[in-house]
Amino acid sequence: MERRCCALLIVKQVLGRELRSQEGRAAAHSLIYLVQEVLGVKLGYRFRWLARGPYSRALSTDLRTLNPCTCSDPAAVELPRELSLKLSTLRVGLAKALTIAASYVMLKKDVYPPMGDVAGEVARRFKVPRAVVVEVAELLSQYLRRAKPSYS
Amino acid sequence: MRVGSATVQRGVKYVYDELHGYIPLNDVELRVIDTPTFQRLRRVKQLAQAWYVYPGAVHTRFSHSLGVMKVMDTIATKLSSEGLVRRDDVELLKLAALLHDIGHTPYSHALEQYFMSSYGLRHEEISRWVIEEDPYISRALKEHGYEPREVAAVVLGLHREVTYNSLLSSDLDVDRLDYLMRDALHTGVAYGLIDLDRIVHTVTVDRDGYVAIPPKSVQAVESFYVARLHMYRAVYYHKTITGYQLLLSNVYSLMASDPAVKGFVEPFTTPEGIRKAIRSGSFYLWDDFYVGGLLNYVVSKGLGGELARSLIRLYLNRSGYRAVYEWVGFGDEPVPEGVRDRVRDFVEEVGRRGLGKYVIAPFVEVILWG
């Protein structure tokens, strides 16, 4: 429960009012996917690959039904907030940047059979220029090299 | 030749299913079904302890898996004829449907509770290991040109085609379309019936790749959701059934940690042990009979601690946990503040009175509709 409280807190702090929109809710799944699978905070969600990027049914339930609760792990909140600040500087906006970043990572890491041109697939799916996907991926990569040197 | 609504073809084997009638099986499906690992599903009950309340609910994961494959066949063939699924992938989807529950623990969700709470291990992860690493299953797939990893990707919802992922796991997926009907049939819960034919023959895919239904089938889907609601209340989260699942989960936990007993339960006590058994081809031994037989053996030989033996006797004699507090809510609102606190306070009070954690088993579950 504690870890899920952290997930809820992260989403509320980073996305706030954007959660009211469909794009914001999809971004919440992407954000928690990045927190769990890339930043390595074990939250216990299982993600599937769907049209709007990573999706977890349990997270969807938690976001709609958990009461405000306490997250006592500051690192669990700090890392995603830093990453989101970086992503929010991009021209596509924070919600879309999160979805692009998480989809890019998921297609590279988890989805099978592998795709030849992951950036092109993400660009086609989310209707953005390929250059935007490359920009998001590069920013994510730079951030991870600094924040998590062990991440390759 | 026609049997019911299905045309019987020469050279194809058939199995009669109580829900769907004759289900045709081709070479690769037969090869998979004939493996010891798939045959194990004949010995894993679909509804764990539901027979304590509904005596007829003793059907198995085996018939459910065949049924899911049949529903997938109907839908995938239809979508393929409309160009929405690649013709070559229909068999891939059928195999994924057939194997979607291959990693279920004995007594289905009862033991899964133990592995979830102790190790965060779900049956989907075990299914991935079985499909990719079990020598019988992986060999059967490879011999017919199917890559185990791709089959597992569909099962886990990680295939690159999002439509395939949503066919097997979404709010209106082939798994639910079978189990609601099958469980309603075997429990006798009349509210679980749905217009399956209407749904499977009109289902389509929207432009994002999600499973969708046309306006003319809205009533059939509404009735599906109502049936789902009734089945959750009457069967899946029935207080007595949930109580026996928790009881068995607690018994397994005690046996897995008792030095006098755990040797009989191993290697099926940790994720590493389960994976090792899968790789060595002995996973097929871990079924309801294995666990059920062990319960009898522990009691008859007086093995291990008295607490585990007492709980086993309660389990066998249908004298298990009684619900002392139950709250059921509907809607998207958060669980009211006081509910979780009340459950926690009660558990603490029981502890203060010197009664151990195996006397009370709190259970809070939130199900999202639609």
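Per the Kirkwood definition applied to all pairs of different Cα atoms, how many angstroms is the hydrodynamic radius of segment A:1-69?
Numbers: mean 1/r = 0.0843 Å⁻¹.
Here the Kirkwood hydrodynamic radius works out to 11.9 Å.
Could you list, bin by bin from short to long, the percent of Cα-Cα pairs of chain A in 5 Å steps?
All Cα pairs, binned at 5 Å, distribute as 2, 10, 21, 25, 22, 14, 6, 2, 0 percent.
Given a 1.4 Å probe and heavy atoms of the protein chains only, how would you sort B:268, B:346, largest accessible area at the top?
Accessible-area ranking of B:268, B:346, largest first: B:346, B:268.
Just want to confirm a number: the relative contact order over segment B:23-154, from Cα pairs under 8 angstrom separated by 6+ residues, in percent.
26 percent
Can you give me the relative contact order of segment B:239-369 as a percent, contacts being Cα pairs under 8 Å and 6 or more apart? Write down the numbers at each step before the final one.
Working: 77 pairs, mean separation 39.1, N = 131.
Contact order relative to length: 30 percent.
Using protein heavy atoms only (no ligands, DNA or RNA), what is the total accessible area buried between B and A, 1.4 Å probe, nearest 100 Å²? Intermediate values should be presented prior to the final figure.
Numbers: alone 17920 and 8240 Å², together 23550 Å².
Between B and A, the summed buried area is about 2600 Å².
Springs between alpha-carbon pairs under 10 angstrom, Gaussian network model over chain B: which of B:231, B:69, B:116 fluctuates most?
It is B:116.
With angles folded into 0 to 90 degrees, how steeply does helix A:2-15 sit against the dominant principal axis of chain A? Use alpha carbons for both and round to 10.
Helix A:2-15 sits at roughly 60 degrees to that axis.
Helix B:61-81 against the longest principal axis of chain B: what's the angle in degrees, Cα atoms only, rounded to the nearest 10?
30 degrees
Along segment B:194-206, what does the Karplus equation 6.51 cos²θ - 1.76 cosθ + 1.60 (θ = phi - 60°) give for ³J(HN,Hα), rounded to whole Hz, x for Gly and Pro?
9, 8, 4, 4, 4, 5, 5, 8, 10, 4, 9, 10, 7
Would you grab the residues whose amide H sits under 5 Å from the one on residue B:60? Only those 5+ places off in sequence or on another chain, please, with H modelled 1.01 Å from N.
B:46
So for the pair residue B:216, residue A:146, with labels modelled 7 Å out along Cα→Cβ, what separation do we get in nm?
5.9 nm
Please pull out the direction-averaged projected area of the protein assembly as shown, using the convex hull of its alpha-carbon atoms, in nm² to one decimal place. Intermediate results must be reported in sequence, preceding the final value.
Details: hull surface 103.0 nm².
Its average projected convex-hull area is 25.7 nm².
With N residues in segment B:13-236, what two-decimal value do you get for its Cα radius of gyration over 2.2 N^0.38 Å?
Relative to the rule-of-thumb radius for its length, segment B:13-236 sits at 0.98.
Going from most exposed to least, what order do A:64, A:146 have by accessible area with a 1.4 Å probe?
I get A:146, A:64, largest accessible area first.
Would you mind telling me which residue in B:209, B:157, B:293 has the biggest mean-square fluctuation in a Gaussian network model of chain B, where springs connect alpha carbons within a distance under 10 angstrom?
B:293
For B:272, B:124, B:306, what's the largest-to-smallest order of accessible area, 1.4 Å probe?
Values: B:272 130, B:124 40, B:306 95 Å².
Most to least solvent-accessible, the answer reads B:272, B:306, B:124.
Using Cα springs under 10 Å in a Gaussian network model of chain B, which residue among B:108, B:117, B:253 shows the largest mean-square fluctuation?
Judging by the Gaussian network model, the answer is B:117.
With each pseudo-label sitting 7 Å past Cα toward Cβ, what's the residue B:206-residue A:20 distance in nm, one decimal?
So the two model labels end up 2.2 nm from each other.
Computed FRET efficiency, Cβ-Cβ of residue A:115 and residue B:272, R0 25 Å: what is it to the nearest 0.05?
It comes to 0.20.
Show me the trypsin sites (Lys or Arg not before Pro) within segment A:88-133 that DSSP assigns to loop and that have at most 14 other Cβ atoms within 10 Å of their Cβ.
A:91, A:127
Express in % the proportion of alpha carbon pairs of segment A:73-121 at distances exceeding 15 Å. Display every interim value, and only then the final one.
Numbers: 649 of 1176 pairs.
Result for the distance tail: 55 percent.
Answer rounded, prolate or oblate for segment B:151-271, using the Cα gyration tensor with square roots of eigenvalues a ≥ b ≥ c: rounded when a/c is under 1.5, else prolate when a/b is larger than b/c, else oblate.
The shape class here is oblate.
Other chains near B:165-172: what is the mean number of their Cβ atoms within 10 Å of each residue's Cβ?
Mean partner shielding for this stretch: 3.
Mind checking the per residue accessible area of segment B:13-236 for me, 1.4 Å probe, whole number of Å²?
Per residue, segment B:13-236 has 36 Å² of solvent-accessible surface.
A 19 angstrom limit on the alpha carbon distance is what I want to check against. Which of B:262/B:301; B:70/B:216; A:109/B:142 exceed it?
Over 19 Å apart, Cα to Cα: B:70/B:216; A:109/B:142.
When every alpha-carbon pair in segment B:232-289 is counted, what percent end up more than 13 Å apart?
Across segment B:232-289, Cα pairs with separations above 13 Å total 68 percent.
What percentage of the solvent-accessible surface of the protein assembly as shown, computed with a 1.4 Å probe over protein heavy atoms, is contributed by carbon and sulfur atoms?
On the way: 12140 of 23550 Å².
That share works out to 52 percent.
In peptide A:42-50, how many Cβ atoms from other protein chains are near each Cβ within 10 Å, on average?
5
Per q in 0.11, 0.12, 0.16 1/Å, what log10 I(q)/I(0) does a Debye calculation on the alpha-carbon atoms of segment B:239-369 return?
After summing over all Cα pairs, the log10 values are -0.52, -0.61, -0.94.
The values are calculated or read from the model by the stated rules, or taken from the named source; none is laboratory data. Note that the structure is predicted; figures quoted are calculated from it, not measured. Every residue, glycine as well, gets a Cβ built from its backbone with ideal geometry; the counts of neighbours run over all protein chains shown. For the accessible areas, the whole protein counts, side chains as well, though only heavy atoms, and no ligand, DNA or RNA atoms are used. Shrake-Rupley method; radii C 1.70, N 1.55, O 1.52, S 1.80 Å.
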